[in-house]
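Let me begin by presenting the structure, written as structure tokens, before commenting on it.
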């Protein structure tokens, strides 16, 4: 019995040792790769933003010049949304955010929208959606060029009553057999433009300036 107890004790010590070593290796690996992962994520985000605003249009670190805002009436979600600001020589150039179109046919649609300081759309892209393949998924740039038509638009072009799909009397195309999806994207993009117009001074405030936590 003593021999068995001793053997079990030794085995427990060995297992404990492996556990300690394993935990240490995981910690070392995490510490060593954390910065690499963060840098890769930053570069991927910048690449997405640069699809809308070319990198030579600004000179700041856009991914570090950001604020968190909550504006459900304009951004389609109760959750905080990050707004990234592009500047050149300290002057506002554009901003980016990921508003939600909450009324997609198959669920919420997450967008990436860029707006120049003069209120003109730099462009829009769809980041995530659950729309029906072959119908509503035409909002995805990989499926059709429809989303590219937003570049250059503003609240004056078209006029406010034109920010609808053509079936509703507006200026934007819809898809054959799928009107709900493009209607949701058009509406969400217009509301984001309105948000930027209404809160421009706050959104482009200098880095570190206080911004109202909740805007509606």
- Item | Selection within the range 90-106 - over 15 Å from the mean Cα position of the chain (by Cα), in a loop (DSSP other than H, G, I, E, B) and either closer than 15 Å to residue 186 by Cα or modelled with pLDDT of 95 or more (or both) | 103, 104, 105
- Item | The lone exception for residue 155 - which of (1) buried (at least 19 other Cβ atoms within 10 Å of the Cβ); (2) closer than 23 Å to residue 93 by Cα it fails | (1)
- Scanning the range 77-90 for residues that are within 22 Å of residue 51 (Cβ to Cβ) and touching a residue at least 24 places away in the same chain (Cβ under 8 Å), which turns out surrounded by the most Cβ atoms within 10 Å (Cβ to Cβ)? 86
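The values are calculated or read from the model by the stated rules, or taken from the named source; none is laboratory data. Worth saying up front: this structure is predicted, and the values here are computed from it rather than measured. Here Cβ is always computed from backbone atoms with ideal geometry, including for glycine, and neighbour counts include all displayed protein chains.
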